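The values are calculated or read from the model by the stated rules, or taken from the named source; none is laboratory data. Predicted, not measured: the structure shown is a model, and the values here were computed from it. Ideal geometry is used to build each Cβ from the backbone, glycine not excepted, and the neighbour counts take in all protein chains shown.
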Amino acid sequence: MTVKRVLASAVLFGLMILNGSAFAQSTAQNWPERPVKFIIPFPAGSAPDVLMRQLAVKLSEKWGHQLVIDNKPGGSGVIGINAVLAAPTDGYTFSYAQGSAIAIVPRTLKAATYDYKRDFVPVGLVATSPIIIAVPVDSPYKTLADLTKDAKAHPSQIDLADVGMASVPHLAAETIGLGAGVKFMHVHYQGGPPAIQATVGGQTKAVFETLGPLLGMIQGNKLRVLASMSDRVEPGLEKYPLAKSTVKDAVAQGWFAVIAKKGVDPEIIKKLNADLNDALKQPDVVEKFKDMAAYPRPGTPSDLDKFVISEEKYWEKVINKLGIKPE
(Lines give C-alpha, C1' and ligand atoms only; values in the text may rest on other atoms or scores of the structure.)
Protein backbone atom coordinates (compact mmCIF):
# COMPACT_ATOMS: atom_id res chain seq x y z
CA MET A 1 0.00 0.00 0.00
CA THR A 2 2.81 2.37 0.84
CA VAL A 3 4.41 1.86 -2.59
CA LYS A 4 1.06 2.37 -4.31
CA ARG A 5 0.47 5.59 -2.39
CA VAL A 6 3.91 6.89 -3.29
CA LEU A 7 3.33 6.09 -6.96
CA ALA A 8 -0.11 7.66 -6.90
CA SER A 9 1.26 10.81 -5.27
CA ALA A 10 4.01 11.04 -7.86
CA VAL A 11 1.51 10.68 -10.70
CA LEU A 12 -0.77 13.30 -9.13
CA PHE A 13 2.15 15.68 -8.65
CA GLY A 14 3.18 15.20 -12.27
CA LEU A 15 -0.37 15.91 -13.46
CA MET A 16 -0.47 19.08 -11.34
CA ILE A 17 2.75 20.30 -12.96
CA LEU A 18 1.43 19.55 -16.44
CA ASN A 19 -1.89 21.23 -15.72
CA GLY A 20 -0.13 24.26 -14.27
CA SER A 21 2.08 24.51 -17.33
CA ALA A 22 -0.89 24.16 -19.65
CA PHE A 23 -2.78 26.85 -17.71
CA ALA A 24 0.17 29.27 -17.94
CA GLN A 25 0.51 28.59 -21.65
CA SER A 26 -3.23 29.09 -22.18
CA THR A 27 -3.13 32.35 -20.23
CA ALA A 28 -0.29 33.70 -22.37
CA GLN A 29 -1.95 32.56 -25.60
CA ASN A 30 -5.21 34.30 -24.70
CA TRP A 31 -3.53 37.47 -23.49
CA PRO A 32 -4.85 40.12 -23.35
CA GLU A 33 -8.30 39.27 -22.05
CA ARG A 34 -8.96 42.76 -20.69
CA PRO A 35 -7.57 46.31 -21.07
CA VAL A 36 -3.79 46.69 -20.73
CA LYS A 37 -2.36 49.68 -18.85
CA PHE A 38 0.77 51.55 -19.94
CA ILE A 39 2.09 53.94 -17.29
CA ILE A 40 4.04 56.78 -18.84
CA PRO A 41 5.99 59.40 -16.87
CA PHE A 42 4.96 62.29 -19.14
CA PRO A 43 2.05 64.72 -19.09
CA ALA A 44 -0.84 64.24 -21.49
CA GLY A 45 -0.20 66.03 -24.78
CA SER A 46 3.59 65.86 -24.55
CA ALA A 47 5.46 64.44 -27.54
CA PRO A 48 6.16 61.02 -25.94
CA ASP A 49 2.51 60.81 -24.87
CA VAL A 50 1.31 61.56 -28.41
CA LEU A 51 3.63 58.90 -29.85
CA MET A 52 2.45 56.27 -27.37
CA ARG A 53 -1.18 57.08 -28.12
CA GLN A 54 -0.45 56.47 -31.80
CA LEU A 55 0.80 53.00 -30.89
CA ALA A 56 -2.11 52.50 -28.49
CA VAL A 57 -4.59 52.80 -31.37
CA LYS A 58 -2.79 50.08 -33.35
CA LEU A 59 -2.42 47.73 -30.39
CA SER A 60 -6.03 48.21 -29.23
CA GLU A 61 -7.27 47.36 -32.71
CA LYS A 62 -5.12 44.23 -32.81
CA TRP A 63 -6.07 43.00 -29.35
CA GLY A 64 -9.74 43.87 -29.30
CA HIS A 65 -9.09 45.37 -25.88
CA GLN A 66 -8.15 48.94 -25.06
CA LEU A 67 -4.61 49.98 -24.26
CA VAL A 68 -5.07 52.47 -21.43
CA ILE A 69 -2.59 55.33 -21.04
CA ASP A 70 -1.98 56.31 -17.42
CA ASN A 71 0.02 59.56 -17.24
CA LYS A 72 2.14 59.89 -14.09
CA PRO A 73 4.62 62.71 -14.74
CA GLY A 74 7.12 64.15 -12.30
CA GLY A 75 10.32 63.35 -10.48
CA SER A 76 12.33 62.92 -13.70
CA GLY A 77 10.35 59.76 -14.40
CA VAL A 78 10.67 58.30 -10.89
CA ILE A 79 6.95 58.61 -10.07
CA GLY A 80 5.89 56.69 -13.16
CA ILE A 81 8.56 54.02 -12.76
CA ASN A 82 7.62 53.44 -9.11
CA ALA A 83 3.96 53.10 -10.06
CA VAL A 84 4.85 50.15 -12.30
CA LEU A 85 6.83 48.54 -9.48
CA ALA A 86 3.76 48.84 -7.24
CA ALA A 87 1.56 47.03 -9.79
CA PRO A 88 0.95 43.26 -9.92
CA THR A 89 2.93 41.06 -12.31
CA ASP A 90 -0.15 39.75 -14.11
CA GLY A 91 0.87 41.12 -17.50
CA TYR A 92 -1.58 44.00 -17.56
CA THR A 93 0.64 46.88 -16.43
CA PHE A 94 3.75 48.06 -18.29
CA SER A 95 6.05 51.06 -18.30
CA TYR A 96 6.63 53.23 -21.35
CA ALA A 97 9.57 55.21 -20.03
CA GLN A 98 12.26 57.55 -21.24
CA GLY A 99 15.82 56.25 -21.36
CA SER A 100 17.10 58.83 -18.90
CA ALA A 101 14.72 57.54 -16.18
CA ILE A 102 16.11 54.04 -16.70
CA ALA A 103 19.83 54.60 -17.31
CA ILE A 104 20.70 58.01 -15.83
CA VAL A 105 18.33 59.09 -13.05
CA PRO A 106 19.20 56.16 -10.71
CA ARG A 107 22.76 57.54 -10.77
CA THR A 108 21.84 61.19 -10.16
CA LEU A 109 18.78 61.16 -7.88
CA LYS A 110 18.64 59.49 -4.47
CA ALA A 111 14.86 59.19 -4.84
CA ALA A 112 15.36 56.70 -7.69
CA THR A 113 15.88 53.56 -5.64
CA TYR A 114 14.95 51.14 -8.42
CA ASP A 115 17.47 49.22 -10.51
CA TYR A 116 16.82 48.10 -14.08
CA LYS A 117 18.55 44.72 -13.84
CA ARG A 118 17.12 43.88 -10.43
CA ASP A 119 13.55 45.11 -10.87
CA PHE A 120 12.60 44.95 -14.55
CA VAL A 121 12.57 42.84 -17.67
CA PRO A 122 12.83 44.32 -21.19
CA VAL A 123 9.93 44.27 -23.64
CA GLY A 124 11.13 46.41 -26.53
CA LEU A 125 12.84 49.59 -27.61
CA VAL A 126 10.29 51.94 -29.16
CA ALA A 127 12.17 54.89 -30.64
CA THR A 128 15.15 57.21 -30.41
CA SER A 129 15.55 60.94 -30.95
CA PRO A 130 19.09 62.24 -31.39
CA ILE A 131 20.62 65.10 -29.46
CA ILE A 132 21.32 67.91 -31.90
CA ILE A 133 24.07 70.52 -31.58
CA ALA A 134 22.75 73.79 -33.01
CA VAL A 135 24.07 77.35 -33.24
CA PRO A 136 22.57 80.69 -34.30
CA VAL A 137 22.24 80.92 -38.06
CA ASP A 138 24.85 83.71 -38.17
CA SER A 139 27.34 81.85 -35.93
CA PRO A 140 30.95 81.73 -37.14
CA TYR A 141 30.97 78.00 -36.31
CA LYS A 142 30.35 75.98 -39.44
CA THR A 143 31.30 72.58 -38.00
CA LEU A 144 31.57 70.85 -34.64
CA ALA A 145 35.35 71.01 -35.09
CA ASP A 146 35.09 74.81 -35.22
CA LEU A 147 33.26 74.81 -31.88
CA THR A 148 35.73 72.55 -30.12
CA LYS A 149 38.69 74.44 -31.60
CA ASP A 150 37.39 77.72 -30.18
CA ALA A 151 36.75 76.05 -26.82
CA LYS A 152 40.34 74.85 -26.75
CA ALA A 153 41.54 78.39 -27.40
CA HIS A 154 39.15 79.85 -24.81
CA PRO A 155 38.75 77.32 -21.94
CA SER A 156 35.48 77.59 -19.96
CA GLN A 157 34.40 80.64 -21.98
CA ILE A 158 32.26 79.07 -24.70
CA ASP A 159 28.77 78.82 -23.19
CA LEU A 160 26.40 76.02 -24.14
CA ALA A 161 22.69 75.92 -23.32
CA ASP A 162 20.92 72.79 -22.08
CA VAL A 163 17.73 71.86 -20.23
CA GLY A 164 19.20 71.20 -16.79
CA MET A 165 21.97 69.69 -14.73
CA ALA A 166 22.48 65.96 -15.41
CA SER A 167 19.88 65.98 -18.19
CA VAL A 168 20.69 64.06 -21.36
CA PRO A 169 21.46 67.30 -23.29
CA HIS A 170 23.79 68.46 -20.51
CA LEU A 171 25.60 65.13 -20.34
CA ALA A 172 25.75 65.05 -24.15
CA ALA A 173 27.54 68.40 -24.15
CA GLU A 174 29.89 67.12 -21.47
CA THR A 175 30.77 64.09 -23.61
CA ILE A 176 31.84 66.45 -26.39
CA GLY A 177 34.09 68.29 -23.95
CA LEU A 178 35.52 65.09 -22.48
CA GLY A 179 36.10 63.54 -25.90
CA ALA A 180 37.66 66.64 -27.41
CA GLY A 181 39.68 67.49 -24.32
CA VAL A 182 38.10 70.93 -23.89
CA LYS A 183 36.20 72.80 -21.19
CA PHE A 184 32.87 74.49 -21.93
CA MET A 185 30.72 76.71 -19.76
CA HIS A 186 27.41 74.89 -19.30
CA VAL A 187 24.34 77.07 -18.80
CA HIS A 188 21.33 75.18 -17.43
CA TYR A 189 17.80 76.35 -18.24
CA GLN A 190 14.46 75.09 -16.97
CA GLY A 191 13.28 73.46 -20.15
CA GLY A 192 13.91 73.51 -23.87
CA PRO A 193 12.21 76.79 -24.92
CA PRO A 194 14.37 79.13 -22.79
CA ALA A 195 17.55 77.23 -23.70
CA ILE A 196 16.71 77.47 -27.38
CA GLN A 197 15.74 81.14 -27.16
CA ALA A 198 18.97 81.95 -25.36
CA THR A 199 20.94 80.53 -28.28
CA VAL A 200 18.77 82.12 -30.95
CA GLY A 201 19.22 85.44 -29.14
CA GLY A 202 22.98 85.02 -28.91
CA GLN A 203 23.20 84.73 -25.12
CA THR A 204 24.79 81.29 -25.57
CA LYS A 205 26.98 80.02 -28.38
CA ALA A 206 25.17 76.71 -28.95
CA VAL A 207 22.31 74.60 -27.66
CA PHE A 208 22.17 70.85 -27.06
CA GLU A 209 18.66 69.44 -27.30
CA THR A 210 16.68 66.61 -28.89
CA LEU A 211 15.62 67.32 -32.44
CA GLY A 212 11.88 67.82 -31.88
CA PRO A 213 11.98 71.09 -29.90
CA LEU A 214 14.57 72.52 -32.33
CA LEU A 215 12.72 71.77 -35.58
CA GLY A 216 10.78 75.04 -35.74
CA MET A 217 13.88 77.19 -35.31
CA ILE A 218 15.89 75.08 -37.76
CA GLN A 219 13.19 75.19 -40.40
CA GLY A 220 12.65 78.90 -39.72
CA ASN A 221 16.33 79.58 -40.40
CA LYS A 222 17.00 80.76 -36.86
CA LEU A 223 19.33 77.91 -35.92
CA ARG A 224 21.88 75.92 -37.90
CA VAL A 225 22.79 72.32 -37.09
CA LEU A 226 26.44 71.49 -36.50
CA ALA A 227 25.96 67.79 -35.82
CA SER A 228 23.62 65.00 -34.80
CA MET A 229 24.68 62.85 -31.86
CA SER A 230 22.78 59.81 -33.12
CA ASP A 231 24.55 56.48 -33.45
CA ARG A 232 23.45 56.32 -37.09
CA VAL A 233 22.16 58.52 -39.91
CA GLU A 234 18.39 58.67 -39.65
CA PRO A 235 16.06 59.17 -42.64
CA GLY A 236 15.75 62.87 -43.40
CA LEU A 237 18.84 63.77 -41.39
CA GLU A 238 21.39 62.78 -44.01
CA LYS A 239 22.67 66.35 -44.36
CA TYR A 240 23.65 66.54 -40.68
CA PRO A 241 27.13 65.17 -39.84
CA LEU A 242 27.38 62.67 -37.01
CA ALA A 243 29.18 64.10 -33.99
CA LYS A 244 31.02 60.82 -33.48
CA SER A 245 32.81 61.46 -36.80
CA THR A 246 34.50 64.46 -35.15
CA VAL A 247 34.63 63.42 -31.49
CA LYS A 248 35.11 59.71 -30.81
CA ASP A 249 32.16 57.93 -29.14
CA ALA A 250 30.13 61.16 -28.98
CA VAL A 251 26.70 59.52 -29.10
CA ALA A 252 23.70 60.77 -27.15
CA GLN A 253 20.02 60.40 -27.85
CA GLY A 254 16.72 60.44 -26.13
CA TRP A 255 15.00 57.07 -26.26
CA PHE A 256 11.82 55.40 -25.14
CA ALA A 257 11.23 51.77 -24.24
CA VAL A 258 8.60 49.44 -22.87
CA ILE A 259 9.69 47.50 -19.79
CA ALA A 260 7.85 45.31 -17.31
CA LYS A 261 8.16 44.53 -13.64
CA LYS A 262 10.19 41.36 -13.13
CA GLY A 263 7.90 38.37 -12.76
CA VAL A 264 5.62 38.94 -15.76
CA ASP A 265 5.13 35.75 -17.81
CA PRO A 266 7.90 35.57 -20.48
CA GLU A 267 5.33 34.38 -23.04
CA ILE A 268 3.31 37.57 -22.50
CA ILE A 269 6.50 39.61 -22.91
CA LYS A 270 7.21 37.77 -26.16
CA LYS A 271 3.70 38.40 -27.51
CA LEU A 272 3.70 42.08 -26.54
CA ASN A 273 7.10 42.53 -28.16
CA ALA A 274 5.85 41.00 -31.43
CA ASP A 275 2.71 43.15 -31.45
CA LEU A 276 4.70 46.28 -30.56
CA ASN A 277 7.15 45.64 -33.40
CA ASP A 278 4.29 45.17 -35.86
CA ALA A 279 2.83 48.53 -34.84
CA LEU A 280 6.20 50.28 -35.12
CA LYS A 281 6.57 49.07 -38.71
CA GLN A 282 3.24 50.48 -39.90
CA PRO A 283 3.90 53.25 -42.50
CA ASP A 284 1.58 55.77 -40.84
CA VAL A 285 3.26 55.18 -37.46
CA VAL A 286 6.73 55.61 -38.98
CA GLU A 287 5.60 58.86 -40.64
CA LYS A 288 3.99 60.20 -37.47
CA PHE A 289 7.12 59.45 -35.48
CA LYS A 290 9.29 61.12 -38.12
CA ASP A 291 7.09 64.24 -38.03
CA MET A 292 7.83 64.43 -34.31
CA ALA A 293 11.57 63.79 -34.77
CA ALA A 294 11.49 60.27 -33.38
CA TYR A 295 12.67 57.13 -35.16
CA PRO A 296 11.17 53.66 -34.50
CA ARG A 297 13.60 50.96 -33.35
CA PRO A 298 11.77 47.62 -33.40
CA GLY A 299 13.75 44.71 -31.98
CA THR A 300 13.72 41.84 -29.50
CA PRO A 301 13.65 42.03 -25.70
CA SER A 302 17.26 40.83 -25.81
CA ASP A 303 18.15 43.75 -28.11
CA LEU A 304 16.66 46.18 -25.59
CA ASP A 305 18.44 44.49 -22.70
CA LYS A 306 21.82 44.89 -24.40
CA PHE A 307 20.99 48.49 -25.31
CA VAL A 308 19.99 49.46 -21.77
CA ILE A 309 23.09 47.86 -20.25
CA SER A 310 25.34 49.67 -22.75
CA GLU A 311 23.57 52.98 -21.97
CA GLU A 312 23.97 52.44 -18.23
CA LYS A 313 27.70 51.76 -18.59
CA TYR A 314 28.19 54.69 -20.95
CA TRP A 315 26.47 57.28 -18.78
CA GLU A 316 27.86 55.90 -15.52
CA LYS A 317 31.34 56.44 -16.91
CA VAL A 318 30.51 60.04 -17.92
CA ILE A 319 28.82 60.80 -14.59
CA ASN A 320 31.77 59.41 -12.63
CA LYS A 321 34.26 61.44 -14.66
CA LEU A 322 32.27 64.59 -13.99
CA GLY A 323 32.03 63.81 -10.27
CA ILE A 324 28.24 64.12 -10.25
CA LYS A 325 26.77 62.65 -7.05
CA PRO A 326 23.13 61.63 -6.41
CA GLU A 327 21.11 64.41 -4.82
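All of 313, 248 fail the test of being of a type in the set (Lys, Arg), touching a residue at least 24 places away in the same chain (Cβ under 8 Å) and under 20 Å from residue 171 (Cβ atoms), apart from 248.
Regarding the stretch 257-265, can at least one residue be identified that is surrounded by fewer than 20 Cβ atoms within 10 Å (Cβ to Cβ), part of a helix (DSSP H, G or I), more than 18 Å from the chain's Cα centre (by Cα) and not polar (S, T, N, Q)? Checked the stretch 257-265: no residue is surrounded by fewer than 20 Cβ atoms within 10 Å (Cβ to Cβ), part of a helix (DSSP H, G or I), more than 18 Å from the chain's Cα centre (by Cα) and not polar (S, T, N, Q).
For the stretch 293-327, the candidate set comprises residues that are at pLDDT 95 or above, charged (D, E, K, R) and surrounded by fewer than 15 Cβ atoms within 10 Å (Cβ to Cβ); within that set, the residue that is nearest to residue 94 (Cα to Cα) is 306. Taken together, the criteria exclude residue 69 from residues that are in the same structural domain as residue 261 (by TED's automatic domain parsing), at pLDDT 95 or above and farther than 20 Å from residue 280 by Cα. Of the residues 281, 290, the single one that is over 12 Å from residue 129 (Cα atoms) and either surrounded by fewer than 22 Cβ atoms within 10 Å (Cβ to Cβ) or of a type in the set (Phe, Trp, Tyr) (or both) is 281. Residues of the stretch 36-51 being crowded, with 21+ Cβ neighbours inside 10 Å and outside any strand (DSSP E or B), which ones? If the condition is that a residue be crowded, with 21+ Cβ neighbours inside 10 Å and outside any strand (DSSP E or B), then 41, 42, 48, 51 are the ones that fit. You will find that of 155, 122, 130, 169, the residue that is part of a loop (DSSP other than H, G, I, E, B) and either closer than 15 Å to residue 319 by Cα or modelled with pLDDT of 95 or more (or both) is 155 and no other.
Under the condition of being under 14 Å from residue 276 (Cβ atoms) and surrounded by fewer than 18 Cβ atoms within 10 Å (Cβ to Cβ), the residues counted in the stretch 55-89 number 4.
Table: residues versus (1) surrounded by fewer than 18 Cβ atoms within 10 Å (Cβ to Cβ); (2) under 22 Å from residue 233 (Cα atoms); (3) of a type in the set (A, V, I, L, M); (4) in contact with a Ser or Thr (Cβ under 9 Å, 6 or more places away or on another chain).
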| residue | (1), (2), (3), (4) |
| --- | --- |
| 112 | no, no, yes, yes |
| 120 | no, no, no, yes |
| 127 | no, yes, yes, no |
| 142 | yes, yes, no, no |
| 150 | yes, no, no, no |
| 156 | yes, no, no, no |
| 160 | no, no, yes, yes |
| 166 | no, no, yes, yes |
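When we screen 236, 220, 201, 191 for residues that are within 23 Å of the chain's Cα centre (by Cα), farther than 26 Å from residue 315 by Cα and exposed (fewer than 13 other Cβ atoms within 10 Å of the Cβ), the only hit is 236.
Yes/no matrix, rows are residues, columns are (1) of a type in the set (Phe, Trp, Tyr); (2) free of Cβ contacts under 8 Å to residues at least 24 places away in the same chain; (3) part of a helix (DSSP H, G or I):
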residue	(1), (2), (3)
164	no, no, no
183	no, no, no
198	no, no, yes
213	no, yes, yes
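For residue 113, the requirement of being of a type outside the set (Asp, Glu), free of Cβ contacts under 8 Å to residues at least 24 places away in the same chain and either out of contact with any Pro (no Cβ under 6 Å at 6 or more places or on another chain) or not assigned by TED's automatic domain parsing to the domain that holds residue 298 (or both) is met. Can you name the condition, by its number, that residue 196 falls short on among (1) within 20 Å of residue 315 (Cβ to Cβ); (2) not assigned by TED's automatic domain parsing to the domain that holds residue 303? Condition not satisfied by residue 196: (1). Taking the criterion of being hydrophobic (A, V, I, L, M, F, W, C) and under 21 Å from residue 188 (Cα atoms), the residues of the stretch 123-160 that qualify are 131, 132, 133, 134, 135, 144, 147, 151, 158, 160.
Scanning the stretch 76-98 for residues that are closer than 9 Å to residue 259 by Cβ, of a type in the set (Gly, Ala, Ser) and modelled with pLDDT of 95 or more yields one hit, 95. Checking each residue in the stretch 293-327 for being polar (S, T, N, Q) and within 17 Å of residue 272 (Cβ to Cβ) picks out 300, 302.
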